[in-house]
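Participant: Could you have a look at this structure, given as structure tokens, before my questions?
Values quoted throughout were computed directly from the atomic coordinates according to the rules given, and no laboratory measurement underlies them. Treat the numbers as computed from the prediction; the structure is a model and nothing was measured. Cβ: placed from backbone, ideal geometry, glycine included. Neighbour counts: every protein chain shown.
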Amino acid sequence: MAAPDAIQEALSVDLATESVRALNQRLHSDLEPRRVQVINPAGRHSIAVGMAAAHDVEIDGHVGYYCAGMNQHATVRVHGNCGVGVAENMMSGTVVVEGSASQSAASSARGGLLVVHGDASARCGISLKGAEVVVRGSVGHMSAFMAQKGSLVVCGDAGEALGDSLYEARLYVRGSVATLGADCVEKEMRAEHVEHLSQLLERAELDDVPASEFRRYGSARELYNFHVENLGSY
Amino acid sequence: MCGGQGGVYSGCMCGIAGLYIKSPAMEAQLGEHLSRMLEQLSFRGPDSAGVAFYRDPAPAGSCKISLCAADPAPDWAAIGDQLTNAFGGASPPRVRASHAMFVVEAEAERVQGWLSEHHPELRLMSAGSSIEIYKQAGPPVEFVRRFQIEQLDGSHALGHTRMATESRVTTEHSHPFSTGLDLCLVHNGSLSNHNRLRRNLRREGIHFQTDNDSEVAAGYLTWRLREGESLEQALEGCLDDLDGFYTFAVGTSDGFAVLRDPIACKPAVMAETDEWVAMASEYRAIAVLPGAEQAVAWEPEPGRVYSWGRAPVA
């Protein structure tokens, strides 16, 4: 989560006086990495979406829906809570939420890292396609539904139907799991998984959470048309 | 019906706001704050808007009755005189746009019975000791201006902005729906078993003014409460008997309660400070309140009844 090397001087944008569209257009047109501070977000939607440069964006306050959606390369830190769909469809980069996140955090995200320091509610990591999601608190029901690739790390508890219809995403939960969804099973936590999880926790800068305390969950691979013996051909 | 398929992303349809004032000094600005919340939610529901305010309780032995008339406006003063003649005393009408509120020196049930007999053309919006319901088809901002909602004080209020997806856009189809004395419901979501439920509830003697599914939820609560259940029990009954998705806010004379269906397709945010408790479909409607940045904000869990009030809901 280090700031980009070629960072320019910080730009401050006050959303009480400037529109979200104007902010996003500046973030899109600036291809050189920029450091940007956003104040007075007041729960507005679609803040800092669609960035394609390695900007470093700090948002002071709570944001609405789809914050940092489709992010590529940029680092976004939200000093507050997020509405529905933070970092949805993220391609790369890092998004850190210091508060809690509403539903569908990192939905369909293909790459990058989302860290939520509070809780994430229902459908966290739904249809995950390669991103890594680390939640310091708990997640709500139907999290990692149909998650295909990537990881969901939950330091607290998971709600009902975790990993329903799961494909090949890796799920690590430290606390309790209310229920497992269809075709989601607990799997052995081998040394390679502890190593993988340790790296994820380190990237998320959560150094007080031991990887050894987690359990691993994954797909039983009985629900979708996939045969593990053919793995090499995929 | 209010709001369409939410899907993964919780569709932006219909807005709900609730505001409960903890600090008496702030009660004078209740209307001003709720108006700003509704304005923030107007893009979620541009078709119609409505509010329920709890304010200015009627003296013991009297009740407050809110009525709505179709254009042209009736002679409200004459209706007030008739109420005085019938019950021995009634306040002059307090007229707001197409609505009028009377304080009548009688029990609410008697006044309701008299009105349905003598003025069937008037629609009863609410009845009780402190509730006043105002609602209208049309853009929320226009509603707020026409009804001068900013001027209303009170202890707490609920508001709704509607985006209709099935039943018609009329004032009758707008929220809040009265669910009994001093009770009302606002709803974001849609119910799929409302026709069967409405049939069953009619057999229990519950009356419906429209084909709206949210009115069925209101009628369902009326029925459960009439059967002697607490509001909390009645709301928990929704989890078993209502099929569909919903975020409900229910106003009572003491405060308000919130319930989301177990799937939780429809959004809700709550926040609390020393001065107020608020709920809204989106945080942006809470962000306009004083001290919102310092408020504790959270998302209500699905399938759990939350309530605030001077007396417990249960």
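Participant: Suppose every Lys and Arg Cβ carries +1 and every Asp and Glu Cβ carries -1, with no other charges. What dipole size does chain A come out with about its Cα centre, to the nearest 20 debye?
Facilitator: Value, rounded to 20: 460 debye.
Participant: Pulled fully out, how much extra length does the chain show between A:Ser12 and A:Thr179, if you take 0.36 nm times their separation in residues and subtract their Cα-Cα distance?
Facilitator: 55.6 nm
Participant: Report for the protein assembly as shown the percent antiparallel among DSSP-assigned beta bridges with both residues inside it, nearest 5.
Facilitator: 65
Participant: Compute the relative contact order of chain A as a whole-number percentage, counting only Cα pairs closer than 8 Å that sit 6 or more residues apart in sequence.
Facilitator: 10
Participant: Let me spell out the model: positive unit charges on the Cβ of Lys and Arg, negative unit charges on the Cβ of Asp and Glu, origin at the Cα centre of the stretch B:58-129. What dipole size does that give, in debye rounded to 20?
Facilitator: Magnitude of the dipole: close to 260 debye.
Participant: What does the average come to when, for each residue of peptide B:292-303, you count the partner chain Cβ atoms lying within 10 Å of its Cβ?
Facilitator: The shielding value for this peptide is 4.
Participant: Can I ask one more? Pairs of alpha-carbon atoms within less than 8 angstrom and 6+ residues apart define the contacts here; what relative contact order does the stretch B:58-129 have, in percent? Write down the numbers at each step before the final one.
Facilitator: On the way: 118 pairs, mean separation 33.8, N = 72.
Here the relative contact order equals 47 percent.
Participant: Can you tell which of A:Val38, A:Leu15, A:Met70 lies farthest toward the positive end of the dipole of chain A, using +1 and -1 charges on the Cβ of basic and acidic side chains (Lys, Arg; Asp, Glu)?
Facilitator: Projecting each Cα onto the dipole axis, the largest value belongs to A:Met70.
Participant: I would also like to ask the following. Can you sort B:Ser192, B:Ser214, A:Ser107 by how many other beta carbons sit within 10 Å, fewest first?
Facilitator: Working: B:Ser192 12, B:Ser214 30, A:Ser107 27.
Lowest count first: B:Ser192, A:Ser107, B:Ser214.
Participant: While we're here: Give me the one-decimal nm value for the distance between modelled label points at A:Ala22 and B:His119, 7 Å along each residue's Cα-to-Cβ direction.
Facilitator: 5.1
Participant: Put +1 on the Cβ of each Lys and Arg and -1 on the Cβ of each Asp and Glu in the stretch A:11-233; which of A:Ala52, A:His193, A:Ala120 then has its Cα farthest toward the positive end of the dipole?
Facilitator: A:Ala52
Participant: To make sure I understand, if each residue's beta carbon is the centre and we count other beta carbons within 10 Å, what order do A:Asp56, B:Asp274, B:Asp213 fall in, fewest to most?
Facilitator: B:Asp274, A:Asp56, B:Asp213
Participant: Hey, another quick one. Could you tell me which residue out of B:Ala73, B:Leu122, B:His99 lies farthest along the dipole of the stretch B:58-129 toward its positive end? Charges go on the beta carbon: Lys and Arg +1, Asp and Glu -1, centred on the Cα centre.
Facilitator: The residue sitting most towards the positive pole is B:His99.
Participant: While we're on this one: For the residues B:Asp71, A:Asp164, what sequence is obtained by ranking on other C-beta atoms within 10 Å, fewest first?
Facilitator: Going from sparsest to densest Cβ surroundings: B:Asp71, A:Asp164.
Participant: Moving on. Using the Cβ atoms and a cut-off under 10 Å, what net charge is assigned to the surroundings of A:Gly150, where Lys and Arg are +1 and Asp and Glu are -1?
Facilitator: Summing Lys and Arg as +1 and Asp and Glu as -1 gives +2.
Participant: Over the Cα atoms of the stretch A:11-233, what Rg and Dmax result, in angstrom?
Facilitator: For the stretch A:11-233, the Cα radius of gyration and maximum Cα-Cα distance read 17.3, 59 Å.
Participant: Over the whole of A:76-89, what's the average partner chain Cβ count within 10 Å per residue? Rounded to a whole number, please.
Facilitator: 2
Participant: Give the average, rounded to an integer, of partner chain Cβ atoms located within 10 angstrom of each Cβ in B:282-289.
Facilitator: The per-residue average across the peptide is 6.
Participant: Determine the distance separating the Cα centre of the stretch B:157-182 from the Cα centre of the stretch A:52-72; give it in Å without decimals.
Facilitator: Taking the Cα centre of each part, the stretch B:157-182 and the stretch A:52-72 sit 36 Å apart.
Participant: If the cut-off is a Cα-Cα distance under 28 Å, which lysines reach A:Lys187, setting aside same-chain residues fewer than 8 apart in sequence?
Facilitator: The qualifying lysines are A:Lys129, A:Lys149.
Participant: Once you sort the root eigenvalues of the Cα gyration tensor of the protein assembly as shown as a ≥ b ≥ c, which label holds: rounded (a/c under 1.5), prolate (a/b larger than b/c) or oblate (the other case)?
Facilitator: It is prolate, given that a/c is not under 1.5 and a/b is the larger ratio.
Participant: May I pose another question? Counting only C-alpha contacts under 8 Å and six or more residues apart, can you give the relative contact order of chain B as a whole percent?
Facilitator: Normalised by residue count, the contact order of chain B is 25 percent.
Participant: Among B:196-208, A:32-44, what's the highest-first ranking by average C-beta atoms within 10 angstrom per residue?
Facilitator: Top of the packing list down: A:32-44, B:196-208.
Participant: So, with +1 on the Cβ of K and R and -1 on the Cβ of D and E, and no other charges, what is the size of the charge dipole of chain B about its Cα centre, to the nearest 20 debye? List each step's numbers first, then the result.
Facilitator: On the way: 26 positive and 40 negative charges, 90 e Å.
The calculated dipole for chain B is roughly 440 debye.
Participant: Among DSSP beta bridges lying fully in chain A, give the percent that are antiparallel, nearest 5.
Facilitator: 15
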